[in-house]
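The values are calculated or read from the model by the stated rules, or taken from the named source; none is laboratory data. Predicted model only: the values in this text are computed from it and were never measured. All Cβ positions, even for glycine, are placed from backbone atoms using ideal geometry, and neighbour counts span all protein chains on display.
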Amino acid sequence: MTKYRQKRGRITWRELFEIDPTFREWKLGNLSERAIESFLKQPAGQTPKLASMTASDYFNACLLGYRANKDEKSYDGSPLFKVEGLTAKQAYERNADGRDDGLLAIPENDAEAFKEWLLHREQRGGHPFEVMRGGNSTHVNLGVSASNEGFSYWLAGKNRIYEVVRFYNALSDAGLPVEVDQFAVISGVLTGDGCMYIVPQDILPRYCWYLFPGEKTEYYMNIPWDFTRSQTMKLIHRAHWYPDQTVEELVAEGDRLYREGH
């Protein structure tokens, strides 16, 4: 059993959830089956784009997402997203990252001002679209895309799936054009068909794509030390295990695949 702690492997989310249901709670929270079904049926690209957009429109879209996640709690038990008694703009100011790149200074109902800001603002290292703040890979973005066809929203947050699912459903139900970045990755967790990748125990399970050359990987774990013996044995028997290779060999293989266009 010890040798597997130094191996690379993968296991489907479905099997991982069966082995330890707390993984499902961790990734999906208390999402209802109805919410999941609505998200998986998203009609990507089918909702007409908006002819124009204002800062007020954007703030109101954010407010829909905050309200859809109103039951989420902070560590101290208080609401994670503060919206009670706030305007949409105030809710954005309270809950977003704070580095708004001048968005808050735009006249709220001026479509031309918003378009000018969106397309031509001076980039100052801001995170105006980080509407649910978090760490480097644990925040939620609500971005805006502009094209000749009009304006639309995009959501990103593969490590905050239940909030993204509720956010998307709220915007979609409101008839707003929205797509989800890395939809296939998120849907793989929701359906259970995607995979969690297992990395050796002495490697921090973050940004470990280089250990799996040629594969699209997003989520990583070590074999949990708090697994019971029964859970560990089930994981060992159900996971797919890769041949032993050094990190140097894996990086070289990844470089080769990249050069060949894979």
Given ARG67, ARG5, which one is basic (Lys, Arg), farther than 22 Å from VAL131 by Cβ and assigned to a helix (DSSP H, G or I)?
ARG5
Checked segment 26-60 for anything touching an Asp or Glu at 6+ places or on another chain (Cβ under 6 Å) and buried (at least 16 other Cβ atoms within 10 Å of the Cβ); matches are LYS49, ALA55, SER56
Give just the number: which of (1) in the same structural domain as VAL140 (by TED's automatic domain parsing); (2) at pLDDT below 95 does GLU163 not satisfy?
(2)
Scanning segment 13-70 for residues that are under 20 Å from the mean Cα position of the chain (by Cα) and among the β-branched types (Val, Ile, Thr), the one nearest to TYR92 (Cα to Cα) turns out to be ILE36
Which residue is surrounded by the fewest Cβ atoms within 10 Å (Cβ to Cβ), if the candidates are limited to segment 182-198 and must be at pLDDT 95 or above and not in a helix (DSSP H, G or I)?
ASP193
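Conditions (1) out of contact with any strand residue (DSSP E or B) (no Cβ under 7 Å at 6 or more places or on another chain); (2) under 22 Å from PHE23 (Cβ atoms); (3) touching a residue at least 12 places away in the same chain (Cβ under 8 Å), marked per residue:
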| residue | (1), (2), (3) |
| --- | --- |
| PRO107 | yes, no, yes |
| ARG133 | yes, no, yes |
| ARG166 | yes, yes, yes |
| ALA170 | yes, no, yes |
| GLY188 | yes, yes, yes |
| VAL199 | no, yes, yes |
So TRP154 clears everything in (1) aromatic (Phe, Trp, Tyr); (2) surrounded by fewer than 19 Cβ atoms within 10 Å (Cβ to Cβ); (3) in contact with a strand residue (DSSP E or B) (Cβ under 8 Å, 6 or more places away or on another chain); (4) not in a strand (DSSP E or B) except one condition, right? Which one?
(4)
Test set (1) touching a residue at least 40 places away in the same chain (Cβ under 8 Å); (2) of a type in the set (S, T, N, Q); (3) surrounded by 14 or more Cβ atoms within 10 Å (Cβ to Cβ) - THR87 fails condition number:
(1)
Could you tell me how many of the residues in segment 209-250 are more than 16 Å from ASP20 (Cβ to Cβ), under 26 Å from the mean Cα position of the chain (by Cα) and of a type in the set (Val, Ile, Thr)?
1
